[in-house]
Amino acid sequence: MIKAIGVVGAGTMGNGIAQVFAQAGFTVRLVDIAQPMLDRARGTIEKSLTKFVEKGKLSDADRSATLARLSTTTSLDLLADADCIVEAIVESADAKGALFTSLDAIAGRDAILASNTSSISITLLGAATKRPDKVLGMHFMNPVPLMPLVELIRGQATSPETMQSASELCMKLGKTPIEAADYPGFIANRILMPMINEAIFAVMEGVGTPEAIDSVMKLGMNHPMGPLTLADFIGLDVCLAIMNVLHDGLGDPKYRPCPLLRRMVAAGQLGRKSGQGFYTY
Ligand SMILES: NC(=O)c1ccc[n+]([C@@H]2O[C@H](COP(=O)([O-])OP(=O)(O)OC[C@H]3O[C@@H](n4cnc5c(N)ncnc54)[C@H](O)[C@@H]3O)[C@@H](O)[C@H]2O)c1
């Protein structure tokens, strides 16, 4: 029975993941290497819960109870009693691999280790542990409290029991789990990121302004948000990391990251989180 959840990484995704688990009644410990990120995450969660209260979707008492179930720390060792740990740190295979080795040493024998990776091989992360049968991908969507989908990724050695437990966990969160195989980018980013990358090529080549490109996709294709607004929302560093995984993993030149995307990331223009991307925030 899964009761205690650990979430590692308190950035854009980690704070949302911690929130939805705490809202669903789980005890949640949120870990980050940076104390300021933990402080910011708590603030973001408080604000998000307040919005739910204002919209009448959550009672004041439930807001307080949710916050009481959530604790934050910079010490990974405190995850020793977690039944399931969801990793949401930077999109780097080396960083995630090292973290999974540490989590494997700290966590109880039966604990499930999940990664929120957008594109990195779950099989590779499982191989960094001595429990590859208990390692899977739980790919939440941004913003986590609002998006209904969780892509569940089965690594080469992930057991059916682990997939089943994760699926039940998603349903307790009120989310819909959909299974994908362990290929670069899985389903969501295999399809989404090349579109975003192509939109960036269109900006670079002067086919249209970011506003024009986003408007075409909203008004012409009925997308709720244009691809460049979405790229800013996701984070351009995350988009670049995913394109690199698709390019390296699938070997097809059609996945080559757009040079403009590379340049913007090198310049620290990461989208919403840095204040500047295709738009200014
Ligand atoms: N941004 C999105 O829209 C989105 C959507 C789905 C999945 N993802 C995936 O979620 C993961 C996190 O992305 P994000 O956008 O939240 O990143 P982010 O940059 O906002 O946050 C990453 C956090 O991880 C922390 N961190 C880094 N190394 C750590 C370590 N070793 N131990 C503990 N904390 C560490 C950082 O301090 C930071 O707070 C990535 O794998 C990304 O691909 C992102």
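The values are calculated or read from the model by the stated rules, or taken from the named source; none is laboratory data. For clarity, every value in this text was computed on a predicted model and none was experimentally measured. Neighbour counts are summed over all protein chains in view; Cβ atoms, including those assigned to glycine, are modelled from backbone coordinates with ideal geometry. Protein only, heavy atoms only, side chains kept; ligands, DNA and RNA dropped before computing areas. Shrake-Rupley method; radii C 1.70, N 1.55, O 1.52, S 1.80 Å.
Tabulated data for the structure shown
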| read-out | value |
| --- | --- |
| Those residues of the stretch 166-187 which are among the hydroxyl-bearing types (S, T, Y) and part of a loop (DSSP other than H, G, I, E, B), in sequence order | Y183 |
| Residue list for the stretch 1-40, restricted to those being under 17 Å from I106 (Cβ atoms), within 9 Å of the ligand (Cβ to nearest atom) and over 13 Å from the mean Cα position of the chain (by Cα) | V31, D32, I33 |
| The stretch 249-276, residues that are out of contact with any Leu (no Cβ under 6 Å at 6 or more places or on another chain) and within 15 Å of the ligand (Cβ to nearest atom) | G249, G268, Q269, R272, K273, S274, G275 |
| Any hit, the stretch 149-168, residues being open to solvent by 30 Å² or more (accessible area, probe 1.4 Å) and within 16 Å of the ligand (Cβ to nearest atom) | yes |
| Enumeration of residues in the stretch 106-126 that are touching a Ser or Thr at 6+ places or on another chain (Cβ under 8 Å) and more than 14 Å from the ligand (Cβ to nearest atom) | I112, G126 |
| Subset tally (residues that are buried (at least 18 other Cβ atoms within 10 Å of the Cβ) and over 20 Å from the mean Cα position of the chain (by Cα)) for the stretch 41-51 | 0 |
| Leading residue by the ranking (nearest to the ligand (Cβ to nearest atom)) among those in the stretch 66-86 that are of a type in the set (S, T, Y) and over 13 Å from F26 (Cα atoms) | T74 |
